[in-house]
1. Determine, yes or no, whether K12 is assigned to a strand (DSSP E or B) and of a type in the set (D, E, K, R).
2. Report the residue count in the stretch 16-74 for those that are exposed (fewer than 13 other Cβ atoms within 10 Å of the Cβ), part of a helix (DSSP H, G or I) and among the hydrophobic types (A, V, I, L, M, F, W, C).
3. Could you grab the pairs with beta carbons closer than 6 Å, sequence gap of 6+ or different chains, first residue in the stretch 12-27 and of a type in the set (D, E), second one part of a strand (DSSP E or B)?
4. Please work out which residue is modelled with the lowest pLDDT, limiting yourself to the stretch 40-74 and to residues that are under 14 Å from V4 (Cβ atoms) and acidic (D, E).
5. Can you report the number of residues in the stretch 34-68 which are among the aromatic types (F, W, Y) and either in contact with a Leu (Cβ under 8 Å, 6 or more places away or on another chain) or over 20 Å from T23 (Cβ atoms) (or both)?
Amino acid sequence: MLSVKVVPKASKTESAGVMSDGTRKIRLAAVPENGKANECLRRFLAGEYGVPLNQVEIVAGHTGTRKTVRIRAD
């Protein structure tokens, strides 16, 4: 499980460090509409952790900037 704060509509998708509470901050190039930012986040994290896209699941925060993400390493 991973706690993430996303910043949509950034110039590029990239990691922006870790906040004081341990939440990972990620800038997303995608816009937050029609699930585009969530899909961009899933693809970014799948690449970062080297897992298939279907093993990255947003379990909370679908419509907000703070999300909980489950990454399975099967």
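1. On the way: assigned to a strand (DSSP E or B): no; of a type in the set (D, E, K, R): yes.
So K12 fails the test.
2. Total meeting the criteria: 1.
3. If the second residue must be part of a strand (DSSP E or B), the pairs left are E14/R27.
4. So, considering only residues that are under 14 Å from V4 (Cβ atoms) and acidic (D, E), the one modelled with the lowest pLDDT is E48.
5. Taking the stretch 34-68 as the starting set, the residues that turn out to be among the aromatic types (F, W, Y) are 44, 49.
Adding the requirement that they be either in contact with a Leu (Cβ under 8 Å, 6 or more places away or on another chain) or over 20 Å from T23 (Cβ atoms) (or both) leaves 44.
Number satisfying all stated conditions: 1.
The values are calculated or read from the model by the stated rules, or taken from the named source; none is laboratory data. Only a predicted model underlies this, so the values are computations on that prediction, with no experimental measurement involved. Neighbour counts are summed over all protein chains in view; Cβ atoms, including those assigned to glycine, are modelled from backbone coordinates with ideal geometry.
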